[in-house]
Amino acid sequence: MSPDDPLSAIFQRLIGHSGPISVMHYMGEANARYYASKDPLGEGGDFITAPEISQMFGELIGLWLADIWIRAGREELVHYVELGPGRGTLARDALAAAKRYGLEPRVHFVETSTALKDIQLATVPNAFWHNDLSTIPQYGPVLIVANEFLDALPVRQLVMTEDGWRERMIDFRDGRFLPVAGHMPMDGAVPEARKLAPLGTILETNPGAAATIYEVAGRLVEQGGAALFIDYGHDAIRDGSTLQAVRAHRKVDPFAAPGEADLTAHVDFATLAPIAQSRGSRWLGTVTQGRWLRALGIEARADALTAFAPEHAAAIHAAKERLIGEGQMGALFKIMGLAAPTWPDGAGF
C-alpha cells in the first residue's frame, strides 16, 4: 500500500491486520498527514487563528515580550522561539512591535510542515528552522511563544468500563471508524483520586503537551527567559473527550476522514502548570485571552488604529471583539505564562 493512499485506507488495512489502534495513534497519524500536505489557515483554509484575525494580537505579544525582557535586564543575545508558527504572521507582527523597544532577537521556528515553511520563509526570511526544541541554541535567554500548538498534539484517552479502566481505541466496523474500549487493563495509569469514576467516564491526557512544557520549563531555568502558551482549553481538571475536527471552518466528525481535517483537543492547563513548576520554572498564571488582551491595552490599540484608518473602523472593532468577546475567543482561549526563576512577573497575569 502506497503512502500516497488515503489515510483511511491505510488505517483500515492496519486495523484489519492488527486490531484497533489507540486514539493517540489515530490523532497523531491523521494530523501528521494533514499538516504535511497543505496550508490549513485563513478564510480559504479550514480554520483561522488569532494572528490572522488582527495585527493587534501579535503586536501585544511583542510588547509583552519586550516589556519582560527590558525588566529582566535587556540581555542582548536573546532568542525568539515560536512553536508551530503558522504563516509567520504572529512572529512578523510581534517582532515589529518589539523592535520599537530595542528587542531584536534571533528568530527560531519549530515547524515540520514543508508547505508552511515556504510561507514562513517569505514572511520572516531571517528565521532559523528546527524540527523540535533540541536544536535551539542552549545559550542566551529564550522568549517562547506557542499559539494553538498544544491543541494539535495527540491525546491519550482512558475509559471506565465494567472491567475497569481501558485505553480508548479506534476500530473499523460497518464501513466506519468508531471508538471502542481496549482489552489491556489500564488502572495503573489512572490517578488514585479518580480510579472510582462512574462507568463510561473518559480521562484525557496529552503526553506531548506535558513533554513540551517540561522541556520549555527546563530551558527557562537553564537559560533565562519567558514563555506564552495560548490555546483553547480549561484551567480546572475535567472528565470527558474533547477530541474534535474542523474542516472549512465547520466542526465535522473526527472519525469520518482521517488526514483531511484538523484534529484538536482542549488543552488541560491545570495539569500543565505543575509540570512547569516541577522543573523550577515560575508559573506566572493562566488567564482568559480576553482578560489578558484587555490588560495589555487592546481596546486603546483598536481606537488608535481606527483614528489612523477610520474607513476600517468597523473591521478593526469586529476583530477586537472576536479576540476578546466572552462568546467568541475571549473566554474559551487561555494564556499561560512561564518565566525563569530570576525573571520578573509578566504583564496581564
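Regarding HIS317, is this residue touching a residue at least 12 places away in the same chain (Cβ under 8 Å) and farther than 30 Å from GLU204 by Cβ? Talk me through it step by step, then tell me what you get.
Values: touching a residue at least 12 places away in the same chain (Cβ under 8 Å): yes; farther than 30 Å from GLU204 by Cβ: yes.
In short, yes.
In this structure, is GLY182 modelled with pLDDT of 95 or more and not in a strand (DSSP E or B)? Please lay out each step first, then the result.
Working: modelled with pLDDT of 95 or more: yes; not in a strand (DSSP E or B): no.
No; evaluated as a whole, the condition is false for this residue.
If THR212 meets every condition in (1) part of a helix (DSSP H, G or I); (2) touching a Leu at 6+ places or on another chain (Cβ under 6 Å); (3) under 21 Å from GLY86 (Cα atoms) apart from one, which number is that one?
Result: THR212 passes all but (2).
Exactly one condition in (1) touching a helix residue (DSSP H, G or I) at 6+ places or on another chain (Cβ under 7 Å); (2) of a type in the set (Gly, Ala, Ser); (3) outside any helix (DSSP H, G or I) is not met by ALA331; state its number.
In the conditions (1) touching a helix residue (DSSP H, G or I) at 6+ places or on another chain (Cβ under 7 Å); (2) of a type in the set (Gly, Ala, Ser); (3) outside any helix (DSSP H, G or I), ALA331 misses (3) alone.
Being aromatic (Phe, Trp, Tyr), under 20 Å from the mean Cα position of the chain (by Cα) and surrounded by fewer than 20 Cβ atoms within 10 Å (Cβ to Cβ) is the filter here, so list the residues in region 129-166 that pass it.
If we filter region 129-166 for residues that are aromatic (Phe, Trp, Tyr), which is where we start, we get 129, 139, 149, 165.
Now restrict to residues that are under 20 Å from the mean Cα position of the chain (by Cα): 129, 149.
Of everything in region 129-166, just one residue is aromatic (Phe, Trp, Tyr), under 20 Å from the mean Cα position of the chain (by Cα) and surrounded by fewer than 20 Cβ atoms within 10 Å (Cβ to Cβ), namely TRP129.
Which number in (1) crowded, with 21+ Cβ neighbours inside 10 Å; (2) modelled with pLDDT under 95; (3) not in a strand (DSSP E or B) marks the one condition that LEU220 misses?
(2)
Can you work out which of the residues in region 92-104 that are free of Cβ contacts under 8 Å to residues at least 40 places away in the same chain and touching a Pro at 6+ places or on another chain (Cβ under 9 Å) is surrounded by the fewest Cβ atoms within 10 Å (Cβ to Cβ)?
ARG92
Determine whether region 187-201 contains at least one residue that is in a strand (DSSP E or B) and surrounded by fewer than 17 Cβ atoms within 10 Å (Cβ to Cβ). Can you show your working first?
Going residue by residue through region 187-201, those that are in a strand (DSSP E or B) are none.
Looking through region 187-201, none of the residues is in a strand (DSSP E or B) and surrounded by fewer than 17 Cβ atoms within 10 Å (Cβ to Cβ).
Only one residue in GLY297, GLY330 is surrounded by fewer than 21 Cβ atoms within 10 Å (Cβ to Cβ) and at pLDDT 95 or above, so which one is that?
Details: GLY330 fails: at pLDDT 95 or above.
Selected residue: GLY297, the only one of GLY297, GLY330 that is surrounded by fewer than 21 Cβ atoms within 10 Å (Cβ to Cβ) and at pLDDT 95 or above.
Any idea which of ALA257, ALA307, ALA245, ALA236 is over 30 Å from ARG156 (Cα atoms) and either out of contact with any Lys or Arg (no Cβ under 6 Å at 6 or more places or on another chain) or in a strand (DSSP E or B) (or both)?
Numbers: ALA257 fails: over 30 Å from ARG156 (Cα atoms); ALA245 fails: over 30 Å from ARG156 (Cα atoms); ALA236 fails: over 30 Å from ARG156 (Cα atoms).
Within the list ALA257, ALA307, ALA245, ALA236, the selection yields ALA307.
Sort out which residues of region 101-119 are under 16 Å from GLY84 (Cβ atoms) and either modelled with pLDDT under 95 or of a type in the set (Asp, Glu) (or both), and write them in order of number. Reasoning before the result, please.
Taking region 101-119 and keeping what is under 16 Å from GLY84 (Cβ atoms), we get 107-119.
Those that are under 16 Å from GLY84 (Cβ atoms) and either modelled with pLDDT under 95 or of a type in the set (Asp, Glu) (or both): GLU111, THR112, SER113, THR114, ALA115, LEU116, LYS117, ASP118, ILE119.
So for region 281-295 (the condition being in a helix (DSSP H, G or I) and under 28 Å from GLN157 (Cβ atoms)), does at least one residue qualify? Before you say what the answer is, go through the steps one by one.
The first filter runs over region 281-295 and keeps only residues in a helix (DSSP H, G or I), leaving 289-295.
From the residues that got through so far, the ones that are under 28 Å from GLN157 (Cβ atoms) too are 289.
Among the residues of region 281-295, at least one is in a helix (DSSP H, G or I) and under 28 Å from GLN157 (Cβ atoms), which makes the answer yes.
Which one of these does ALA261 not meet: (1) among the aliphatic types (A, V, I, L, M); (2) closer than 30 Å to ASP171 by Cβ; (3) modelled with pLDDT of 95 or more?
Only one criterion is unmet by ALA261, namely (3).
The values are calculated or read from the model by the stated rules, or taken from the named source; none is laboratory data. Because the structure is predicted, anything quoted here is derived from the model rather than measured. We place every Cβ from the backbone using ideal geometry, glycine too, and count neighbours over all the protein chains shown.
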